[in-house]
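Contents: one structure, followed by commentary.
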Amino acid sequence: MAEQTHRPDPYAVSPAPLPPPPADGRPPTTGTAWAVLAMPFCWALAIPAWLSSLRAAAADGRRDVAEVAYAGSQARAFGIAGVVVGAAGLALAGAGAALALTLVTARLDPADTPAVTVNPEAGPLLERESLMGDRSVWDVALGSCYLVGDLPAEVTTVPVVDCAQPHGGEVYAMKFVGVEIDDVYPGEDAMRANAVDFCGAELEAFVGLPQAESRFAYWFTMPDAYESYHGQSKIRCFLESAADDVVGSARGTGR
């Protein structure tokens with residue numbers, strides 16, 4: 001019987017050669033340090049790095065230098081990649097957090113600020129286009145209450161008080177108008193007509209009574225061309241009683 005000899009398959013793929021040990025004579029490392037270092041940064045790469053380092057450690061126990069070098073190099077590669085990916089992720093997260101903080105603290109877009117409702121015929125129109133008391137007419141907040149007893153004929157500031165205290169004035173409506181037609185200011189007359197229509201139309205709904213029957217007068221501030229082009233394009237509507245005899249908001253009082 002003829003002796004059979006093993007003949008390798010000529011079409012089989014040859015295994016990749018194992019990397020040689022370091023040329024400087026130092027023993028190859030298992031890459032454990034890189035695997036451990038990658039764990040806080042990227043588990044997806046730290047796990048294969050750790051498995052490769054375990055394989056390298058096992059080969060080191062068998063004194064298989066070539067396998068230690070191969071598995072250790074894999075552990076290092078995965079570990080380094082994990083550290084790089086994790087550090088990049090932390091940098092992106094920090095940038096995202098800074099951007100989010102900037103957006104949160106940024107000034108509210110005028111388009112997102114709702115206007116309050118009021119009535120078109122609320123009372124005599126007293127136009128005062130300057131600044132108000134303790135708070136400027138351009139700065140006073142919607143819903144602020146203020147004293148009217150000692151206000152001069154032309155008001156630049158008003159003494160804002162808690163609405164629970166007796167007072168005579170209230171900022172009852174506000175809206176942003178901006179520059180409306182092809183970036184051209186429409187003119188004072190058009191802006192004044194806009195303010196009259198808005199503040200008058202909002203007052204009746206605010207107090208719940210037709211203007212002719214209401215005890216409150218109203219007036220407003222409006223932006224000029226300069227203020228419109230510099231982001232101060234707000235119309236503010238103010239209602240006033242003859243004396244500081246109102247307690248609480250005038251909303252829905254039917255007076």
*Among residues of region 232-255, those that are closer than 17 Å to Val160 by Cα and of a type outside the set (S, T, N, Q), counted*: 13
*Would region 79-87 turn up any residue that is under 24 Å from the mean Cα position of the chain (by Cα), under 30 Å from Leu54 (Cα atoms) and modelled with pLDDT of 50 or more?*
no
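Could you tell me whether region 174-186 includes any residue that is over 32 Å from the mean Cα position of the chain (by Cα) and over 24 Å from Ala242 (Cα atoms)? Can you show your working first?
Taking region 174-186 and keeping what is over 32 Å from the mean Cα position of the chain (by Cα), we get 186.
Subset that is over 24 Å from Ala242 (Cα atoms): 186.
Taking every residue of region 174-186 in turn, at least one turns out to be over 32 Å from the mean Cα position of the chain (by Cα) and over 24 Å from Ala242 (Cα atoms).
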*If only one of Val184, Val196 is within 17 Å of Tyr226 (Cβ to Cβ) and out of contact with any Ser or Thr (no Cβ under 7 Å at 6 or more places or on another chain), which one is it?*
Val184
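Hey, among Ala44, Ala71, which residue is modelled with pLDDT of 70 or more and out of contact with any helix residue (DSSP H, G or I) (no Cβ under 6 Å at 6 or more places or on another chain)?
Numbers: Ala71 fails: out of contact with any helix residue (DSSP H, G or I) (no Cβ under 6 Å at 6 or more places or on another chain).
Of Ala44, Ala71, the one residue that is modelled with pLDDT of 70 or more and out of contact with any helix residue (DSSP H, G or I) (no Cβ under 6 Å at 6 or more places or on another chain) is Ala44.
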*asked:* Which count do you get for residues in region 159-188 that are at pLDDT below 90 and either surrounded by fewer than 19 Cβ atoms within 10 Å (Cβ to Cβ) or not in a loop (DSSP other than H, G, I, E, B) (or both)?
replied: 13
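The values are calculated or read from the model by the stated rules, or taken from the named source; none is laboratory data. This structure is a prediction, so every number in the text was calculated from the model and none was measured. So basically every Cβ, Gly included, is an ideal-geometry build from the backbone, and we count neighbours across all protein chains shown.
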